[in-house]
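This report concerns only the one structure given below.
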Amino acid sequence: MTETRPLALITGASSGIGLELARQFALHGHDLVVNAEDERLESAAQELRDTGAQVRAVRADLRTSEGRYRLLDALGESTVDVAVLNAGVGQGGAFVDTDLADDQAVIDLNVTATVRLAKTLLRAMVARGTGRLAFTSSIAATLPGPFQPVYNASKSFVQSFAQALAEEVKETGVTVTSFMPGPTETDFFRRADMADDTRMGTMKKDDPAQVAEQAFEAIVKGEKKVVTGSLLTKAQELAGKVVPDGVKAAAHRRMAEPGTGDDKGSDQKG
């Protein structure tokens with residue numbers, strides 16, 4: 001990494017929102033450390049190097065202690081100017097039917113890894129008196145999630161956690177941002193076994209490049225919270241502020257319950 005360019009860490013950067021976020025930082029003068037657990041990471045890193053940025057790829061599964069330590073060890077004494085904790089995973093299906101190990105994996109990545117990495121990264125930023133920490137939350141954080149209960153609850157945790165940290169560090173020179181995409185065209189629904197047989201999986205989704213561009217702008221401005229994506233996604237989040245939880249839960253069921261994928265109707269998101 002060069003001494004003249006700031007360094008951005010992006011987790012979950014092999015595809016989707018994470019890759020697009022890394023591209024935004026690279027195009028705006030940052031060198032990168034990018035992380036993911038899958039084999040696409042190195043090709044993503046090479047694509048990012050084509051922007052002129054120096055890019056270090058750290059393949060590690062953040063669901064495990066070993067993977068988290070591997071990433072932190074790779075950072076070494078580097079000054080991380082911006083860290084975006086974007087890696088996340090979901091699991092569709094009724095809670096009584098899903099495998100407990102899959103549910104635990106959601107918690108391990110979305111919650112445990114987020115807390116453990118944030119502890120180290122934020123301490124270093126506060127000690128320096130400068131830095132930007134960001135979290136990929138979700139509009140799922142704002143509503144109960146039948147047939148996706150652990151994921152929605154994990155994002156509620158991330159959202160609350162991020163906003164609490166933003167308040168704690170507001171006088172330190174460090175900013176904390178949470179950004180909240182809606183359903184986005186990524187691998188998320190395939191990995192969550194929701195791609196083909198749920199309305200949420202088959203409907204039109206937001207563009208990850210648009211989500212990343214809006215998130216990048218919020219991070220560099222030091223905004224505490226932003227809803228990213230299409231106007232429809234932003235309208236959905238606004239409506240959710242006044243709709244009772246029971247109504248939101250019933251609506252989520254109609255989108256996430258297995259077997260609803262052929263009934264797309266007019267509820268598609270743009």
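The values are calculated or read from the model by the stated rules, or taken from the named source; none is laboratory data. Please read all numbers here as calculations on a predicted model, not as lab measurements. Cβ sites come from the backbone with ideal geometry, for glycine too, and all protein chains shown count toward neighbours. When the accessible area is computed, the model is the full protein with side chains, heavy atoms only, and any ligands, DNA or RNA have been set aside. Shrake-Rupley method; radii C 1.70, N 1.55, O 1.52, S 1.80 Å.
With an a/c value of 1.5 or above and a/b not larger than b/c for the gyration tensor axes a ≥ b ≥ c computed over the alpha-carbon atoms, the stretch 1-86 is described as oblate. Here is the size of the stretch 93-148 from its Cα atoms: Rg then Dmax, 15.4, 47 Å. The stretch 1-62 and the stretch 113-127 have their alpha-carbon centroids 19 Å apart. Glu42 contributes an accessible area of around 100 Å² to the protein surface, as traced by a 1.4 Å probe with all chains present.
A 1.4 Å probe, protein heavy atoms only, puts the accessible area of Asp97 near 120 Å².
Note on the chain: the alpha carbon radius of gyration divided by the globular reference 2.2 N^0.38 Å gives 0.97.
Restricting the GluC sites (Glu not before Pro) of the stretch 166-211 to loop positions (DSSP other than H, G, I, E, B) with no more than 14 neighbouring Cβ atoms within 10 Å leaves Glu171.
With every protein chain present, what accessible area does Thr64 have (1.4 Å probe, heavy atoms only), rounded to the nearest 10 Å²? Surface accessible to solvent at Thr64 totals approximately 60 Å².
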